[in-house]
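Here is the structure we will look at, set down as structure tokens.
The values are calculated or read from the model by the stated rules, or taken from the named source; none is laboratory data. What you see is a predicted model, and the numbers here were worked out from it, not measured in a lab. Here Cβ is always computed from backbone atoms with ideal geometry, including for glycine, and neighbour counts include all displayed protein chains. The protein model used for the area step is the full one, side chains on, heavy atoms only, and it has no ligands, DNA or RNA in it. Shrake-Rupley method; radii C 1.70, N 1.55, O 1.52, S 1.80 Å.
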Amino acid sequence: MRIAVIGLGYVGSVAGACLAELGHDVTFVEVNAVKVEQLNAGFSPVVEAGLPELIRNGCDAGRIRATDDLGEAVTAADVSLICVGTPTGPTGDVHLQDLEKVAAQIGHALAGRPGWQLVVLTSTVPPGTTEGLVVPILERESGKVCGVDFGVAFSPEFLREGAAVPDFRQPEMTVLGASDPTAMAAVRELYGAFGGRVFETSIPAAETVKLAANAWHALKVTFANEMGRFCSSEGVDSRAVMTLLQQDRKLNVSAAYLNPGYAFGGSCLPKDLRTLTYRARVHGVELPVLENVLRSNRAQVEFALAKIERYGGHRVAVLGLAFKHGTDDLRESPILELVERLLGKGHEVAVHDESVSVPRLVGANREHALRAIPHIACLLQPEVSDVLIGADVVVIGQGNPAYRDVVDRLVPGQRLLDLSGVAAGSRDGHPEYEGLSW
Ligand SMILES: NC(=O)c1ccc[n+]([C@@H]2O[C@H](COP(=O)([O-])OP(=O)(O)OC[C@H]3O[C@@H](n4cnc5c(N)ncnc54)[C@H](O)[C@@H]3O)[C@@H](O)[C@H]2O)c1
């Protein structure tokens, strides 16, 4: 393919050089004259292991060149790949001016160019930018229709500086979003050649997974560093602790706990977080992320509550009461808290939890439940069907598989809010279903 790579920075230069290595014909478009000159002399404009050789080989083979003439490059190309920077300002607002300018120039070039073209955006952007900003500019400037006269795709770039060439050549995964099936087929052909797992999704999901991945990496670094500070204040070897933590591939380093759902609770997580952060405070050690975990958890309860309130119904059926399915542990259950708050707001609440029997609760667990809601036994019903009768809103609080098909048992007018995700399979075709954040 003939590819116009717009933006000769870290991403553009690596992407273009690796695409040229596969045999594509690459024209870099860059506003910085020094970079254009360097590239055309066979030199890499950025320092990145393996890149100088790739660029030199590509130039020698006549498959790589650079220009400042975007119109000419885009007109001659089958694919335009946008790799311009999207820096943030002091307040965190992202500057999309370069992207807007490039989109307008590409649109202009498409206007005077016959035939279909694929425009791929790989710069990191806020959700909705491709469909809400780039496509309208392309359509306005070209007078053509996206999905008909040209196609648009978004593919986030996951390469790491320092290992950018191997990361690009052997991607761990490739995520693709596209405006239409023709665009998806074309971008799949372009990136699929590098191997690795390819995931096709919506354009906004492809945009957002890049932000999610970087936030996750930043959070991991910060978590490890906060544990390092905590351990050092306790005189414990942090490397030994974190090496041990990494050995559990089931819960610690895994997909566990990484799906959005309801707040955490139970007898251990909140308590042990408090222990850790209290001890750190005693030692004068600042752990801002860990200090705010319980605050974020409380915000999740507020979020659920606000959603329920928005439905406007009076009677609420709550499915599940313990913090987790299959236990009767009500200590710090965020569902118990939700029920307590709903009662406080004057709602009529009926609860089902097959594992919870108030007469059988003992010790601290019993005390906690009765302190929160003294008449909790009156709210509990033995059957799901009992709590559904007369309910305006049904809330699934925990992942009991028995709640998976509850949407089929609703009567017209009832709304279902799933906090756990156990019934997420009911999403399609059931407008009465709503997930907490999905
Ligand atoms: N650097 C990374 O490791 C990395 C990794 C993944 C994703 N990203 C994302 O990729 C995008 C590019 O990142 P980068 O680090 O390569 O940026 P960069 O700043 O190094 O390069 C961007 C290039 O685009 C050029 N440019 C700006 N306006 C132009 C125009 N109108 N026409 C032609 N060229 C123009 C700039 O002169 C610059 O050379 C960003 O959105 C970034 O967030 C970066």
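Averaged per residue, what accessible area in Å² does the chain show with a 1.4 Å probe, protein chains only?
Values: 21290 Å² over 438 residues.
Result: 49 Å² of accessible area for each residue.
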**Request:** Pull up all non-local amide H partners of THR174: gap of 5 or more, or a different chain, and H-to-H distance under 5 Å with H placed in the peptide plane.
**Result:** ARG197, VAL198, PHE199
**Asked** So how exposed is THR222, as accessible area in Å² (1.4 Å probe, rounded to 10)?
**Response** 50 Å²
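So which GluC sites (Glu not before Pro) in region 277-309 end up in coil per DSSP with only 13 or fewer other C-beta atoms within 10 Å?
For GluC sites (Glu not before Pro) across region 277-309 that sit outside H, G, I, E and B with at most 13 neighbouring Cβ atoms in 10 Å, the list reads GLU286.
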**Request:** Divide by every residue of the chain the summed helix terms, -39500 (n - 2.57) for each DSSP H run of at least 4, and state the resulting mean residue ellipticity at 222 nm, rounded to the nearest 500 deg cm²/dmol.
**Result:** -13000 deg cm²/dmol
**Normalised contact order of the chain, rounded percent, pairs of Cα under 8 Å and 6 or more residues apart** = 9 percent
**Request:** Enumerate the aspartates and glutamates that LYS307 could reach by cross-link, defined here as Cα to Cα under 19 Å, with residues fewer than 8 away along the same chain left out.
**Result:** GLU337, GLU340, GLU348, ASP392, ASP418, GLU432, GLU434
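How much FRET efficiency would the formula 1/(1 + (r/R0)^6) give for GLU383 and SER355, where r is the Cβ-Cβ distance and R0 is 22 Å, rounded to 0.05? Don't skip to the answer; put the middle values down first.
On the way: r = 14 Å, r/R0 = 0.64.
Working from the Cβ atoms, E equals 0.95.
What is the extension gain from ALA402 to ARG315, computed as 0.36 nm multiplied by their sequence separation minus the C-alpha to C-alpha distance, in nm to one decimal? Walk me through the intermediate numbers first.
Working: separation 87, 0.36 × 87 = 31.32 nm, distance 2.14 nm.
Contour length minus Cα-Cα distance gives 29.2 nm.
Given contacts defined as C-alpha pairs under 8 Å and at least six residues apart, what's the relative contact order of region 2-201, whole-number percent? Walk me through the intermediate numbers first.
Numbers: 395 pairs, mean separation 37.4, N = 200.
Reported as a whole number, the value is 19 percent.
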**Asked** Given a Förster radius of 30 Å and the C-beta distance between LEU211 and ARG409 as r, what FRET efficiency does 1/(1 + (r/R0)^6) yield to the nearest 0.05?
**Response** 0.20
**Message:** On a 19 Å Cα-Cα criterion, which of the cross-link pairs LYS220/LYS250; LYS271/LYS345; LYS271/LYS324 come out too long?
**Reply:** LYS271/LYS345
**Message:** As I understand it, the value is the acute angle between the Cα axis of helix 238-247 and the longest principal axis of the Cα atoms of the chain; what does it come to in degrees, rounded to 10?
**Reply:** 90 degrees
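Find how much the distance from LEU370 to LEU273 grows on full extension, using 0.36 nm per residue of separation minus their present alpha carbon separation; answer in nm with one decimal. Show your work: numbers first, answer last.
On the way: separation 97, 0.36 × 97 = 34.92 nm, distance 2.43 nm.
This chain segment gains 32.5 nm when fully extended.
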**Prompt:** Out of residues 5 or more away from VAL120 or on other chains, whose amide H comes under 5 Å of its own, with H placed 1.01 Å from N in the peptide plane?
**Reply:** SER80, LEU81, ILE82, ALA153
**Asked** When we measure straight from the Cα of LYS101, which lysines land under 30 angstrom away, once same-chain ones fewer than 8 places off are left out?
**Response** LYS35, LYS144, LYS210
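First compute the accessible area of region 203-247 with a 1.4 Å probe, then give the percent of it belonging to carbon and sulfur atoms.
Details: 1740 of 2670 Å².
Carbon plus sulfur share of accessible area: 65 percent.
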**Message:** Across region 204-352, what fraction of all alpha-carbon pairs, as a whole percent, falls in each successive 5 Å bin from zero upward?
**Reply:** 2, 8, 13, 17, 17, 15, 12, 9, 5, 2, 0
**Prompt:** How much accessible surface does GLU161 have with a 1.4 Å probe, in Å² rounded to 10?
**Reply:** 120 Å²
**Item:** Cα-projected label distance for SER437 with ALA240, points at 7 Å along beta-carbon direction, nm
**Value:** 3.7 nm
**Fill in**
Taking Cα atoms only, helix 97-111 is inclined relative to the longest principal axis of the chain by an angle, in degrees rounded to 10, of 60 degrees
**Asked** According to a simple spin-label model (label point 7 Å from Cα along Cα-to-Cβ), what is the distance in nm between ASN259 and GLN247?
**Response** 2.9 nm
**Request:** Return the single residue from ALA164, ALA255, ALA391 with maximal mean-square fluctuation; model: Gaussian network over the chain, springs between Cα atoms under 10 Å.
**Result:** ALA255
**Request:** Please give, to one decimal in nm, the separation of the simple spin-label points placed at PHE43 and ASP428, each 7 Å out from Cα toward the Cβ.
**Result:** 5.5 nm
**Message:** Only Cα pairs within less than 10 Å get springs; with that Gaussian network setup on the chain, which residue of ARG341, ARG65, ARG371 has the largest fluctuation?
**Reply:** ARG371
